[in-house]
Amino acid sequence: MNTLVEDSALVVNSGIEQPPMINPNAAALFRKQPQRRLQLSDYVVGIRAGNVTILSKAITLIESRLPEHQALAQQVVEACRPYADNSIRIGITGVPGAGKSTFIEAYGKILTAQGHKLAVLAIDPSSERTKGSILGDKTRMEELSVDPRAFIRPSPSAGSLGGVARKTRESIVLCEAAGFDTIIIETVGVGQSETAVHSMTDFFLLLMISGAGDELQGIKRGIMEMSDLLVINKSDGSNVDKATVAQAQYQSALRLFPTPESKWEAKALTVSSIEKTGLSDIQTQIDAYLTLTKTNGYFERRRREQARYWMTETIEEALKDGFYQNADIAAKLSDYEQQVLCGEKSSFTAAKELLELYYQRQ
């Protein structure tokens, strides 16, 4: 049998040692590095520079219920307040299914195309189980959410309406300090949220649809009286004639209301958010309203009245939080609730005794 010689072509050299298939440093590369905790100056500088990431973190700070977060959030809001009050605040509400998000996206794209910077603060209904947002307005405004001149912030409405509204008002201050000249606050369109949004906006728009039953009985008179403009959406296709009839009916109803303090006569218009028709008329009405109210002094007077209103609302919210966070109340609250459930105490007696206990500990 022949033996192989060392210089034979059949000899396999050892070759170059191959590197490992997995980078041994990969774990270190992907290991999450601890982030430096932002300080007050970081928030203020970032917000003033228009950094939407810092702005989002600051709003999250406002929404947090942790005492240390709340304290820092108030410092951020106060530091940004001198740079606020320089935007137009528009409240938008409407019946469920009126197409509020579609309308805001269509109208918002017009604003950003004109060079405006738009912030949309959407009070989103919350899941009773998870307390998270149900509708997810940011995902439903696909074009506007990627517009570099727009900022969309949905906030779940879990918790008391007063608390959510206060946080929204503080978020307005931060958005204005970040350079957004138009702020839209969208409500869920149910409950008493319309009143809260009306108390923090300059212009209030009510969005409606036709063919949803009796046009004049389909919404509370109080909401119509608050409105500066009533818009019938989805005026397209076979719905155009219905929308025109609804417009005439609403316009007749608006004439029955007394002249408001602003001296502005509200109108009813039709639009199609899908076909992008009638949207320019919306801006014309808002511009005319602002010209009138700034000329007759109502605009500034209303802003001052709103500031006073939110002072009292903040006091009430703080008192309520202080009550429930009190250690003595927390220790006895469940017992009192059980006594009320069992019929051993009336609701009023239990509330009176708990309040007396709270004031004794102050």
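Yes or no: A253 assigned by TED's automatic domain parsing to the domain that holds D228 and modelled with pLDDT of 90 or more? No. Quick one: would you say G162 is outside any loop (DSSP other than H, G, I, E, B), modelled with pLDDT under 70 and in contact with a helix residue (DSSP H, G or I) (Cβ under 6 Å, 6 or more places away or on another chain)? Criteria met by G162.
Which of the residues belonging to the stretch 75-86 are under 21 Å from T201 (Cα atoms) and either in a helix (DSSP H, G or I) or of a type outside the set (D, E, K, R) (or both)? Scanning the stretch 75-86 gives V77, E78, C80, R81, P82, Y83, A84, N86.
Yes/no matrix, rows are residues, columns are (1) of a type in the set (A, V, I, L, M, F, W, C); (2) modelled with pLDDT of 95 or more; (3) surrounded by fewer than 21 Cβ atoms within 10 Å (Cβ to Cβ); (4) in the same structural domain as M141 (by TED's automatic domain parsing):
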position: R65; (1), (2), (3), (4): no, no, yes, no
position: H69; (1), (2), (3), (4): no, no, yes, no
position: Q75; (1), (2), (3), (4): no, yes, yes, no
position: I92; (1), (2), (3), (4): yes, no, no, yes
position: P96; (1), (2), (3), (4): no, no, yes, yes
position: K100; (1), (2), (3), (4): no, no, no, yes
position: L111; (1), (2), (3), (4): yes, yes, no, yes
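With respect to (1) in a helix (DSSP H, G or I); (2) farther than 30 Å from F103 by Cβ; (3) free of Cβ contacts under 8 Å to residues at least 12 places away in the same chain, the lone exception for D42 is condition (3). When the residues of the stretch 277-303 are filtered to those that are of a type in the set (A, V, I, L, M) and touching a residue at least 40 places away in the same chain (Cβ under 8 Å), the one that is surrounded by the fewest Cβ atoms within 10 Å (Cβ to Cβ) is L290.
Taking the criterion of being of a type outside the set (K, R), more than 29 Å from I315 (Cα to Cα) and at pLDDT 60 or above, would at least one residue in the stretch 150-159 satisfy it? Talk me through it step by step, then tell me what you get.
Residues of the stretch 150-159 of a type outside the set (K, R): 150-152, 154-159.
If we keep only those that are more than 29 Å from I315 (Cα to Cα) too, we end up with 150-151.
Within this subset, residues satisfying the condition of being at pLDDT 60 or above are 150-151.
Yes.
The set of residues in the stretch 87-106 that are within 17 Å of the chain's Cα centre (by Cα) and assigned to a helix (DSSP H, G or I) comprises K100, S101, T102, F103, I104, E105.
Conditions (1) over 17 Å from I88 (Cβ atoms); (2) among the β-branched types (V, I, T); (3) touching a residue at least 60 places away in the same chain (Cβ under 8 Å); (4) touching an Asp or Glu at 6+ places or on another chain (Cβ under 7 Å), marked per residue:
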position	(1), (2), (3), (4)
E261	yes, no, no, no
W310	yes, no, yes, no
L319	yes, no, no, no
I329	yes, yes, no, no
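Taking E344 as the residue in question, decide whether it is of a type outside the set (S, T, Y), closer than 30 Å to G222 by Cβ, at pLDDT below 95 and not assigned by TED's automatic domain parsing to the domain that holds R169. So E344 does not fit the description; no. Screening the stretch 304-336 for residues that are surrounded by 13 or more Cβ atoms within 10 Å (Cβ to Cβ) and among the basic types (K, R) and picking the one that is farthest from K267 (Cα to Cα) gives K332.
The values are calculated or read from the model by the stated rules, or taken from the named source; none is laboratory data. Owing to the predicted nature of the structure, the values given are computational and were not obtained by experimental measurement. So basically every Cβ, Gly included, is an ideal-geometry build from the backbone, and we count neighbours across all protein chains shown.
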